[in-house]
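Chemist: Got a structure for you, questions after.
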Amino acid sequence: MSELAYLAGVFDGEGSFGNWSKGKDKCREFRASIEMGDGDVILRFLAHFKRGSITVRVPSDEKHKMMYHWRVCHDKGKDVVRLMLPYLSKRRQAKFQEII
């Protein structure tokens, strides 16, 4: 299986994309993101696509685990989703076409 197909499968199950309002002026931006506790998988997104950024959320409660969040915005985010599109579910493909 190719790296792209693997990442698209993970994204299909755990990721999200869409237009979000930003700030008081309600500027809309496209964003693709995925958050999970498996930092090694999140690093694979950054390494493969060479776009976006990773943030780490340290839990305030020791019962919870550290969470890793990869996000890519604007046209770069759309480019990433376009690359994964053939491997995404029909529902996600339709949602992307509706958004753009």
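Bear in mind these aren't lab numbers, they're just calculated from the coordinates by the rules spelled out. The structure presented is a predicted model; accordingly, all values stated were derived computationally and were not measured. Cβ coordinates were reconstructed from backbone atoms using ideal geometry, including for glycine residues, and neighbour counts include every protein chain displayed.
Chemist: Output the relative contact order of the chain, whole-number percent, from Cα pairs under 8 angstrom with separation of 6+ residues.
Modeler: Relative CO of the chain lands at 30 percent.
Chemist: I've got another one for you. Assign one of three labels to the chain, namely rounded, prolate or oblate, based on the Cα gyration tensor with a ≥ b ≥ c the square roots of its eigenvalues; rounded applies when a/c is under 1.5, prolate when it is not and a/b is larger than b/c, and oblate otherwise.
Modeler: oblate
Chemist: Still on this structure: Using only DSSP helix segments of four residues or longer, with each worth -39500 (n - 2.57), what per-residue ellipticity at 222 nm results for the chain after dividing by its residue count and rounding to 500?
Modeler: -13500 deg cm²/dmol
Chemist: Determine, for the chain, the count of lysine pairs separated by eight or more sequence positions (or lying on different chains) whose alpha-carbon distance falls under 27 Å.
Modeler: Qualifying lysine pairs in the chain: 19.
Chemist: Can you check what the net charge comes to around ARG71, using other residues whose Cβ is under 9 Å from the Cβ of ARG71 (Lys, Arg +1; Asp, Glu -1)?
Modeler: Neighbour charge sum, excluding ARG71 itself: 0.
Chemist: Shifting gears a bit: Between beta-carbons, use under 12 Å as the cut-off and find the net charge around LEU7, counting Lys and Arg +1, Asp and Glu -1.
Modeler: Surrounding charge for LEU7 is -2.
Chemist: If Lys and Arg each add +1 and Asp and Glu each add -1, what is the summed charge of the other residues whose beta carbon sits under 12 Å from the beta carbon of GLU98?
Modeler: +3
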